[in-house]
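The values are calculated or read from the model by the stated rules, or taken from the named source; none is laboratory data. This one's a predicted model, so the numbers in the text were calculated from it and none came from an experiment. Ideal geometry is used to build each Cβ from the backbone, glycine not excepted, and the neighbour counts take in all protein chains shown.
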Amino acid sequence: MSSVPLTPAHAKEPHNGTCASVPEWRDSLGTGHVPAKEIYRALCETGAGIPLFSQAWWLDAVTVNGSWDVALVANNKQVMATMPYCMYRRMGRRLIVHPPLTQTMGPWIRKQDECDMKRLSREKRLMNALISQLPPFDHFEQRWHHSMTNWLPFHWAGFQQTTRYTYVIDDISHPDTLPAGFALGKRQDLKKASRLDVRFNIPARAFYDHHAMTLKQRNARILYSFDVFQRIYEEGHRRHAACTVGAFDTKGTMHAGLFIVWDSESAYGLINTIDQTLKSSGASTLLTMEVIRHVSSRTRMFDFEGSMIEGVEASVRQYNTRQVPYLSVSKTPCRLYALARFLKTLKTHI
């Protein structure tokens, strides 16, 4: 069943009455009643270190009519903590979950030079304030950026946590040295695929259609709309923060494609498409190496974006990557919805 995004106006009821009201922190910024989203937009443009998938421009691209909102805490006219969220309605239930193609969300807390004792105390206060600003929900689930490791305040508020993993290459500043550390199979892929033509800036429609076609080969369907992909594609290119790349043979057939996005900290391999009839050509490995070269002067690391899927994990591990844990934090106050999720989990294991 499709999910219907709720506009921020639906999300203004306080989650509980334990923290300061929204107007109080707005006043503390000296901005009157400027909407939280506008304050957040300005913050995102300052280079404050907010991860890419929580950036305002990204959330605008992946939601319908900007149907996201943000919890925000400030002190002495400075934003100290934020947590964007997107509310959907599904089966009559209010769900705070990720928009399409959004790998991580969760809280951001401004770093300060302080000991762990003070940091943990401050994080507890700020996280409690963020939690208090969430609207009523039947289910909440966000996967946090791996830089955020302290979820204890959410645990004390009744949330649960599951550890997930991604795989990263920590330093891509010298890309030509990386293949020496790859597994033999990946090095062989690079040699096999050297005859293919690598082309950047594949048009959005051509890339999307190729992904849909390769999924159909595996009896799967594409889970995001072309409109969403096109908005990410266009805004990412406008900001010089995204690119598509494909590997083609002499007949003009596209063997594989890759869509990556990046900020100053990391590039992310967001969408990987492989023609199943040509998967032995090594094209996917070639494209991974080519995009790493492409962004090596623009960012610091490369994040393969997972995976928890055993077969995919076996592949990305062969790039001599480092396994990085990150948190999936959830809460389901609605017992009926919790039961429905439990029964769905049982069905997948039968």
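What the table below lists for this structure:
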read-out: One residue from Leu130, Leu134, Leu190, Leu120 being over 30 Å from Ala340 (Cα atoms) and either outside the structural domain of Trp262 (by TED's automatic domain parsing) or buried (at least 21 other Cβ atoms within 10 Å of the Cβ) (or both); value: Leu120
read-out: Out of Thr244, Thr273, Thr332, sole residue that is outside the structural domain of Arg187 (by TED's automatic domain parsing) and crowded, with 21+ Cβ neighbours inside 10 Å; value: Thr332
read-out: Test set (1) surrounded by fewer than 24 Cβ atoms within 10 Å (Cβ to Cβ); (2) in contact with a strand residue (DSSP E or B) (Cβ under 7 Å, 6 or more places away or on another chain) - Met83 fails condition number; value: (1)
read-out: Contacts under 7 angstrom Cβ, first residue in region 131-153 being closer than 18 Å to Thr104 by Cα, partner modelled with pLDDT under 95, 6 or more apart; value: Ile131/His15; Leu134/His15; His139/Arg93; His139/Cys334; His139/Tyr337
read-out: Check on Val324, among the aliphatic types (A, V, I, L, M), at pLDDT 90 or above and more than 21 Å from Gln160 (Cα to Cα); value: no
read-out: Members of region 287-326 that are in contact with a helix residue (DSSP H, G or I) (Cβ under 6 Å, 6 or more places away or on another chain) and in a loop (DSSP other than H, G, I, E, B); value: Ser296, Phe304, Ser307, Asn320
